[in-house]
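The values are calculated or read from the model by the stated rules, or taken from the named source; none is laboratory data. This one's a predicted model, so the numbers in the text were calculated from it and none came from an experiment. A quick note on method: Cβ atoms are made from the backbone with ideal geometry, for glycine too, and the neighbour counts reach across all protein chains shown.
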Amino acid sequence: CDLDRNLVLENSEGGILIGMSDFWMTNNVIAKNGTNQGNIGGVQVETSSTETGHFVNNTVADNSVGQAAGAGGVNCTGSSFGILNSILWENRFDQVSAACTVTYTNISQAGFAGSNGNINEDPMFTSPDTNDYHIDPATSPCIDAADPAGVPPAPEHDIDGDARPMGDGVDMGADEAG
C-alpha cells in the first residue's frame with residue numbers, strides 16, 4: 001500500500017485505516033477526521049511482525065477519537081513501525097500510541113521533545129481553519145528540522161510537488177516551505 005501526496009480531510013468515520021499490509025505513507029495531510037465517540041481519528045495502523053511500515057513526512061493534525069479508542073493522531077497496533085520527519089499536532093487524545101517509534105517529528109505530546117530529534121513547538125500552519133496545513137516559511141520551527149540525512153529517507157518532493165530540500169535541510173511534515 002503506497003499513499004503519497006494526499007489530502008485526507010473531514011471524514012467522520014476516521015482518516016486512514018491500514019490493516020496487515022506493508023505500506024509507505026509520504027507527504028500526506030490527514031486532518032479533522034473522526035469524532036469524539038469514534039474508533040479511528042487520523043490514522044489507524046494494524047500490523048504484525050511480518051509487515052513493514054514507513055511513515056515519512058506526513059502532517060497529522062486536529063483529528064478526534066473516543067478516549068478508549070487510542071491515539072487520535074496515529075494509533076499503532078501490533079508490531080512497531082517508525083514515524084519520521086512528520087508533524088503530529090493537536091489530535092484528541094494522544095498524538096501517537098506507544099507501539100510507534102517517533103524521530104525528527106514535531107509532536108504535541110509529552111515525553112518526546114528533546115530526544116531523537118523531536119520537538120514540541122507550534123508548527124505555525126498557514127490557516128488550519130480553512131484546511132491549509134502548509135507551514136509558514138518565515139516562522140515555522142519545522143523548517144530544516146527533519147532528519148539531517150536528507151533525501152532519502154525523506155521523499156524527493158513534498159505534497160505540492162516541490163523539491164526537497166529547499167533550504168539547508170529537509171522540513172518536517174508534508175510541506176517543504178523553506
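Below is a table of values for the structure above.
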item	result
Long-range neighbours under 6 Å by Cβ, at least six apart or interchain, first residue in contact (Cβ under 8 Å) with a residue 24 or more places away in the chain within region 13-27, second among the polar types (S, T, N, Q)	G14/N33; G15/N33; L17/Q44; D22/T52; M25/N58; T26/N57; N27/N57
Long-range neighbours under 7 Å by Cβ, at least six apart or interchain, first residue farther than 24 Å from D171 by Cα within region 73-100, second assigned to a strand (DSSP E or B) and of a type in the set (D, E)	T77/E46; G78/E46
Pair list, Cβ < 6 Å and 6+ apart or interchain, from region 127-144 residues that are among the small types (G, A, S) to residues that are in a loop (DSSP other than H, G, I, E, B) and modelled with pLDDT of 95 or more	S140/P123; S140/M124
Residue in region 52-72 that is surrounded by the fewest Cβ atoms within 10 Å (Cβ to Cβ), counting only those that are among the aliphatic types (A, V, I, L, M) and touching a residue at least 24 places away in the same chain (Cβ under 8 Å)	A69
Options S49, S79; residue that is at negative phi and loosely packed, with under 15 Cβ neighbours inside 10 Å	S49
Region 98-116, residues that are assigned to a loop (DSSP other than H, G, I, E, B) and surrounded by fewer than 18 Cβ atoms within 10 Å (Cβ to Cβ)	A98, A99, A110, G111, A113, G114, S115, N116
Residue tally, condition among the small types (G, A, S) and either surrounded by fewer than 16 Cβ atoms within 10 Å (Cβ to Cβ) or in a helix (DSSP H, G or I) (or both), over region 141-166	4
Selection from region 117-133 of residues that are assigned to a loop (DSSP other than H, G, I, E, B) and either surrounded by 16 or more Cβ atoms within 10 Å (Cβ to Cβ) or on the phi > 0 side of the Ramachandran plot (or both)	G117, N118, N120, P123, M124, N131
Residues that are surrounded by 14 or more Cβ atoms within 10 Å (Cβ to Cβ) and either more than 16 Å from the chain's Cα centre (by Cα) or more than 17 Å from N91 (Cβ to Cβ) (or both), drawn from region 23-46	F23, W24, T26, N27, T35, G38, N39, E46
Flag for A138 being more than 24 Å from T52 (Cα to Cα) and part of a loop (DSSP other than H, G, I, E, B)	yes
